[in-house]
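Reading through the structure tokens given below for one structure.
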Amino acid sequence: MYPRLVIDLKKVKNNLDKTINMVKGSGCSLMIVTKGYCADMEIYKLLEASNIDYLADSRIQNLKKYGKTTKERVLLRLPMMSEAEEVVAHADLSLNSEIETIKELNKAAKTQNKKHKILQMIDLGDLREGIFFKDEDEIYNTVEEILKLTNIELFGLGVNLTCYGAVIPKKENLSLLVEIATKIEKRFNIKLQMLSGGNSSSVYLIGKNELPEGINNLRVGEAFLLGDETAYSQMLEEFHDDAFTLEAEIIELKEKQTVPIGETGVDAFGNKPVYEDLGIIKRAIIAVGRQDVDPDNLHPIDSKISILGASSDHLILNVNNTDKEYKVGDIVKFKLSYSSLLRATTSSAYVEKAYI
Ligand SMILES: Cc1ncc(COP(=O)(O)O)c(C=O)c1O
């Protein structure tokens, strides 16, 4: 059945090995982030057999799927207070920034007779989660409160960059995390085990030997899956960008003009599209749409094809200048960027998976 996501497990394994060499070779422990492909269980088998340290995901449902695993499980998105019990049950460690939520985790951990580890998130300017780095009082007060909790272990600090503010990790900003950790350790006479220095946007620092001393963990999703470091969008050497490909079937092939006829309003998604007048061209409609992919982050493998537009269930392709004579029923193949991979795996009711 089409559309289908083809997962090349050999290429995934190659990317995994390269990520392990790069990150663990730098002296950091490694969290592999599994949300980008909805914690697929065939990929999980590769992770389980490898020497990564942690399976990390933003959704507790994905961590739950892992059941008995030899890896520690990490919840990346700040827990909802309402899911504290589930978090303690299915994650060994979680990233946190709100003391009220941490207290709920403590209650749940007491009930479940466990000690739950947390990383206190520090916001170094990207403006997503974490206590703002300049707010020293809030940082110290929070640590003081955490240390009173019997069933919570303050395992370390973490930072996330690039995801919201697009701030690039540098030696300068990551060093702030190390400085804050050192001050906390001195003030409270404790040892913080982990300083988690970010995601795939931090890996370029390894190559430049600029990851500050003290940062001893990275959480890597996209670089592992698609081989790109996300600070400057460079392909990492010897990684594959096509471990995942999408295949979809042509359901209509006709010659039409490229500019719609009549007064135009907004499209199915409320946007006012702009149409380029290319005259009469050969167009293919394929049976996959915005529900399953992000058309702006999907790349036809036949470089002569371009994507003209999309609705929820259709992609419209320009196949006017292709070398191959496409016909109805033919399969068109694509590489996927991160947002398309995320959607294709989330749309599992409609996008089949095939493993090679
Ligand atoms: C807190 C956190 N850490 C790490 C990651 C992994 O990011 P990336 O896929 O860019 O490596 C994400 C996003 O998935 C995240 O939210």
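Observations, loosely collected:
- Calculated from backbone phi, Karplus (6.51, -1.76, 1.60) coupling profile of the stretch 329-334 in Hz, x at Gly/Pro: x, 5, 9, 10, 10, 9
- Long hydrophobic helices in the chain, taken as whole DSSP H segments with a C-alpha length of 15 Å or more on their own axis and mean Kyte-Doolittle hydropathy at least -1.0: 9-25, 99-111, 136-147, 171-188.
- Mean residue ellipticity at 222 nm, helices only, the chain: -8000 deg cm²/dmol; runs of at least 4 DSSP H residues each add -39,500 (n - 2.57), and the sum is divided by the number of residues.
- For K324, the aspartates and glutamates whose Cα falls under 13 Å of its own Cα, not counting residues fewer than eight places away in the same chain, are D302.
- Unsatisfied cross-links (Cα-Cα over 20 Å) in the set K18/K170; K68/K114; K110/K186; K107/K191; K45/K68; K35/K272: K18/K170; K110/K186; K107/K191; K35/K272
- Cα shape, the stretch 9-235, gyration tensor, a/c 1.5 rule: oblate
- Under 18 Å of direct C-alpha separation, and excluding same-chain neighbours fewer than eight residues apart, K24 reaches these aspartates and glutamates: E48, D53, E72, E210, E213, E222, D228, E229, E237, E238.
- Sparse-neighbour loop sites [GluC sites (Glu not before Pro); the stretch 238-319; at most 13 other C-beta within 10 Å; DSSP]: E238, E263, E276
- Percent of beta bridges antiparallel (DSSP, the chain, rounded to nearest 5): 45
- Longest DSSP-loop-exposure-free segment, trypsin sites (Lys or Arg not before Pro), the chain, at most 10 other Cβ within 10 Å: 209-326
- Label-point separation in nm, K191 to K107, each point 7 Å along Cα→Cβ: 3.4
- Think of the chain as a dipole: +1 on every Lys or Arg Cβ, -1 on every Asp or Glu Cβ, centred on the Cα centre; then among T101, N113, L124, N113 lies furthest on the positive end.
- For K171, a cut-off of 17 angstrom between C-alpha atoms picks up these lysines, skipping any fewer than 8 places away in its own chain: K208.
Quick note: the coordinates plus some simple rules give every number you see, no bench work behind them. All values reported here derive from a predicted model rather than from experimental measurement. A quick note on method: Cβ atoms are made from the backbone with ideal geometry, for glycine too, and the neighbour counts reach across all protein chains shown.
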